[in-house]
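Shown next, in structure tokens, is the structure this report addresses.
The values are calculated or read from the model by the stated rules, or taken from the named source; none is laboratory data. This is a predicted model, so every value here is computed, not measured. Please note: Cβ atoms are built from the backbone with ideal geometry, for glycine as well, and neighbour counts cover all protein chains shown.
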Amino acid sequence: MNKYQIASDNFDMDSIEFLPNDFEFIGNKPEEHIDSNFASQDYWKDVFIRFKKNKGAVIGFILLVFITIMAVIGPMVSGYTFDQQKIEFQDFAPRVPGLEKIGVFDGSEVMRSPGGGSSRVINKYKTTEGAADVYYWFGTDNLGRDIWTRTWMGTRISLIIAVSAVLIDMAIGMSYGLIAGYFGGWVDNIMQRVLEVVNSIPTLVIVTLLMLVFKPGLFTIILALMVSGWVGMSRIARAQMLKLKEQEFVLASRTFGAGSWHIIFSEVLPNIIGQIITNTMFSIPNAIFTEAFLSFVGLGIPAPQASLGSLISSGYNSFTTHPYQILPPLIVLALLMLCCNMVADGLRDALDPKMAQM
Amino acid sequence: MTEEREPLLKVEHLKQYFKVSRKFTVKAVNDVSFEIYPGETYGLVGESGSGKTTIGRSIIRLYEPTAGKITFEGMDVSGKMDKETFRKLHCDMQMIFQDPMASLNPRKRVDEIIAQGIDINHMAGSEAERKQMVIDMLEEVGLDPDHATRYPHQFSGGQRQRIGIARALIMNPKLVIADECISALDVSIQAQVVNLMKDMQDKTHCAYLFIAHDLSMVKYISDRIGVLHLGHMVETGTRDEIFDNPIHPYTKSLLSAIPSPNPKVEKKRKYMTYNYYESGIDYDKGMEHLVEGTHTVLATDEEFQKWTNA
Amino acid sequence: MAREKIMEVRDLSISFKTTTGIVNAIRGVDMDLYRGETVAIVGESGSGKSVTAKAMMGILASNSIVNSGTVKFTYNDNGGESKTVDILKMSKNEIRRDINGKHIAMVFQDPMTSLDPTMTIGKQITESMIWHYKTPKAEAEAKALELLELVGITDPEKRMKNYPHQLSGGMRQRVVIAIAMACDPDLLICDEPTTALDVTIQARILELIKDIQVKKNISVIYITHDLGVVAKVADYVDVMYAGKLVEKGTVDEIFYEPRHPYTWGLLSAMPDLDTRDDRLYTIPGSPPTLKNEIKGDAFAPRNKYALNIDTRIDPPMFKMSDTHYAATWLLDDRAPTHDMPPEIKGRIERMLKEENK
């Protein structure tokens, strides 16, 4: 019988097989580094794993890559150029080799008489002379231009806008916000007033004013974005900087005599790059839509160049008679924006797991 | 002996005000003077809002002192500094921070964090030398040099504070400001860190400015102690002078409030109250009065009479 | 007088689902609490002390899994008859209606987070009385005034109309205590009630809680890592490590006759005012992460006194007296003779001497 009773209910001393050396000291040394470390990976690897888990984001990403590839090679494979007009081939419905045999995309479309009375199926490929062996995958517009080529050309424009939005966000917005936040005081005061002035002018006004000086076009739109598109990003960068600059690790590097640039770009920036990337991704659809909107109202890309906005605008005119003309640019635009948002969402959750729980 | 030594750090009439708005200024530190001698540990105690953290940060020039003079190794470091003084201040004076998580950049590897001071001040001749310094330092503070490429979040709180200590001590400083460096840690880990700090002091003979609110730890580690209240240094002296013969009523009340891990004593102990606003004491009118040796207390002449005779 | 048991925890085991896997936060805890007594749960962060308290209040986080165990709470119903319930089996709504605030109240570490910044002090105190007992407003307000006086707030009429940000830290914690006391609870759980406060205020808050406890004859559970606080307030002490109880006993037994090496380390890691040793006695390393299955005694890798058996089999609780238990194989008859580390021995001798002074 042990000197001290065992008080645990479900503990059976007899069932234990004791080894002869059980009751000898192991002889643990009072060493300091027996700490077990927490196994965990590199930050970016973690981000990648979390991103992969988000199915929507992965699908969005794949689609985005697909759209980008199509924007590059799409216009080359159709055999038409975006500004090649053939008046006699105007308003052709989509016709795709192979698919036409099973009755879809065979170039036929339903014509309705105004007033909605009788309707009949016509096929312009058969009725037009010399069009029997012609294929327009997405059809043609009212000037006989290939919609397939024009759609992907428009996508190209949208993506260029997207890339410039990212660059503007990063170069102007981020730096502006970080500098204003870090230096604070009167520097911040002046920079914030400038920002408010810029932000108070509507983009539409800026574009219209720019039109007076420059020709309408891609350059003008990018310039307009440059004037006002970075405001949101600079606010986020500034807020993050204000939050982080009083953190002890920033103070620590100041006690070593680190300079301002070192602290801003080497100490603070790596800690907020996640938010910056996320915010950039969210600003892409915004920029794309701004371009599409401007083109739609006629302030954007001039003809014969195409952008998704101007394509939708011209397709809109014949929407009731030739609905296939508006659908391709519309679908691509919708997909583009949806994918950007889904990827941005996934990135946010992956980069900052705490945000997802909020 | 003490009188003959040249102080390593001399703080004279330091004032640190923060302007909150046009009408309102926070007087965080008000006319504080003290000295730290080479190789000693000076404990600074006070409750939150007493200005103890501010003093540490003003000395290492995270803030611009409003008034007063700070002399470090014979150089004036309170005003505009020339390049050499600036460099010397940032090499010879180091800081250990309170929060072991917030004080290490989460996106940097441990070797980058520890070598930061070397990199900024170009102290290593070659890449190999830098690496060797980091490895040596990691071993000194009881961490595995193989873990140099890991990130701070892969370490426990105590290990992170070791990294913080390594980062400060790799510069071979003459003075280390330890700002509440153990208060965020668990009790058993606190003891480990305090032991490590003592060991490192034995090896490098650096001086510590140990800022804390935990009086029992301050008493254990410090040679001399300064008691702060509402931005004023109400009493300073050697550990024994303060603990055996407290003069100022605030010091007395602070000492009476230290919880003792002894149930029989603790259950009976009564706490001495002190309320500055009701006591009639005005710190601004007080002068430094010498009690004995290095023991001084902030009081008016009458108060000093009253407290010492009582 | 017979002790009236109000809380009985048996074989409690709780896990948490986290993004990086399952954490076994509590691994089989037994605990008892009697009316009018104070128990302190001591342990480092991650030892499971807060989770235990949350389980007692039925406010476990949503990602928690109760693997086994019962938390039986006995209280006097409205009619005055005593009623025993198992908190783990009650629904969230039942707990909100019958238990929380009414019979068990909690005081948290940071007063600012437990007060609503948009509500006046008076409203926050009366709210629970009106909700639980349908007390008329005037009566509730009268009682709130009484409570504010009880917790030592001067000028209570004025304070009733104040908002939390208008009060100092110590005042806020007093208000939190007043709110906790509003419905005359049977049990008050204090989770590190003074860590966020200065020492001078800390002492006053502890004395306040003690006074109230005596006046109202309630039971108090303290969750803390500060042994000074434990020494001041506790009747009984439960020492937790890695989700298990390693030693429990009366406060004197724990402080003057500790038997578990972890308790030794904990006691000597905090210097008393007379510690003059060159180094503090420390427990090396840090607590284990509870993600992995722990084989044997979780404390063994940090234990200078670890036996070979510790690496294989978790020690049972050995009983030294009716109140004093410890889980270490050192108490088995077959264990080699061993002595407490000299640091802690000297400390205890000093403490006993100090008492006789």
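Before moving on, here are some points about what is shown:
- Among the residues of the stretch C:101-122, the ones that are crowded, with 17+ Cβ neighbours inside 10 Å and assigned to a helix (DSSP H, G or I) come to 4 in all.
- Test: residue in the stretch A:108-116 that is out of contact with any His (no Cβ under 7 Å at 6 or more places or on another chain), in the same structural domain as A:THR278 (by TED's automatic domain parsing), surrounded by 12 or more Cβ atoms within 10 Å (Cβ to Cβ) and closer than 22 Å to A:TYR316 by Cβ: no
- Among the residues of the stretch B:168-214, the one identified as at the interface with another protein chain (Cβ under 8 Å from one of its Cβ atoms), more than 16 Å from C:LEU280 (Cβ to Cβ) and more than 16 Å from the chain's Cα centre (by Cα) is B:MET171.
- Looking only at the stretch C:211-223, and only at residues there that are in contact with a Lys or Arg (Cβ under 8 Å, 6 or more places away or on another chain) and under 14 Å from C:VAL39 (Cβ atoms), the one that is nearest to the other protein chains (Cβ to nearest Cβ): C:ILE223
- Residue within the stretch C:290-303 that is free of Cβ contacts under 8 Å to residues at least 12 places away in the same chain, more than 7 Å from every other protein chain (Cβ to nearest Cβ) and over 27 Å from the mean Cα position of the chain (by Cα) present: no
- Selection status of B:SER33, surrounded by fewer than 17 Cβ atoms within 10 Å (Cβ to Cβ) and under 22 Å from B:LEU215 (Cα atoms): yes
- Helices (runs of 4 or more DSSP H) enclosed by the stretch C:178-296 - at least 2 residues per element that are not assigned by TED's automatic domain parsing to the domain that holds C:ASP339 and not hydroxyl-bearing (Ser, Thr, Tyr): C:199-216, C:227-233
- Here C:THR200 fits the description: more than 30 Å from C:SER64 (Cβ to Cβ), surrounded by fewer than 24 Cβ atoms within 10 Å (Cβ to Cβ) and either at the interface with another protein chain (Cβ under 7 Å from one of its Cβ atoms) or of a type in the set (Gly, Ala, Ser) (or both).
- Neighbours by Cβ (under 9 Å, 6+ apart or cross-chain): first from the stretch C:63-91, not assigned by TED's automatic domain parsing to the domain that holds C:HIS132; second assigned to a loop (DSSP other than H, G, I, E, B) and surrounded by fewer than 17 Cβ atoms within 10 Å (Cβ to Cβ): none
- Condition met for C:LYS319 (at the interface with chain A (Cβ under 10 Å from one of its Cβ atoms), surrounded by fewer than 21 Cβ atoms within 10 Å (Cβ to Cβ) and closer than 26 Å to C:MET31 by Cα): yes
- Test: residue in the stretch A:66-77 that is outside the structural domain of A:ILE301 (by TED's automatic domain parsing) and free of Cβ contacts under 8 Å to residues at least 24 places away in the same chain: no
- The condition of being crowded, with 24+ Cβ neighbours inside 10 Å and either farther than 17 Å from B:SER188 by Cα or over 19 Å from the mean Cα position of the chain (by Cα) (or both) holds for only one of C:TYR262, C:TYR222, that being C:TYR222.
- Segments classed as helices (runs of 4 or more DSSP H), wholly inside the stretch B:87-163, with at least 3 members that are within 10 Å of chain A (Cβ to nearest Cβ): B:116-120
- Residues satisfying the stated conditions in the stretch A:249-261, i.e. more than 7 Å from chain B (Cβ to nearest Cβ) and either touching a Gly at 6+ places or on another chain (Cβ under 9 Å) or without any contact (Cβ under 8 Å) to a residue 60 or more places away in the chain (or both): A:VAL250, A:GLY259, A:TRP261
- Among the strands (runs of 3 or more DSSP E) confined to the stretch C:34-100, the ones with at least 1 residues that are under 28 Å from C:ILE254 (Cβ atoms) are located at C:38-42, C:64-76.
Here's the yes/no breakdown for (1) under 30 Å from A:THR208 (Cα atoms); (2) assigned to a helix (DSSP H, G or I); (3) out of contact with any Asp or Glu (no Cβ under 9 Å at 6 or more places or on another chain):
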position: A:PRO270; (1), (2), (3): no, yes, yes
position: A:ASN279; (1), (2), (3): yes, yes, no
position: A:ALA292; (1), (2), (3): yes, yes, yes
position: A:TYR316; (1), (2), (3): yes, yes, yes
position: A:TYR324; (1), (2), (3): no, yes, no
position: A:PRO329; (1), (2), (3): yes, yes, yes
position: A:LEU333; (1), (2), (3): yes, yes, yes
position: A:GLY346; (1), (2), (3): no, yes, yes
position: A:ALA350; (1), (2), (3): no, yes, no
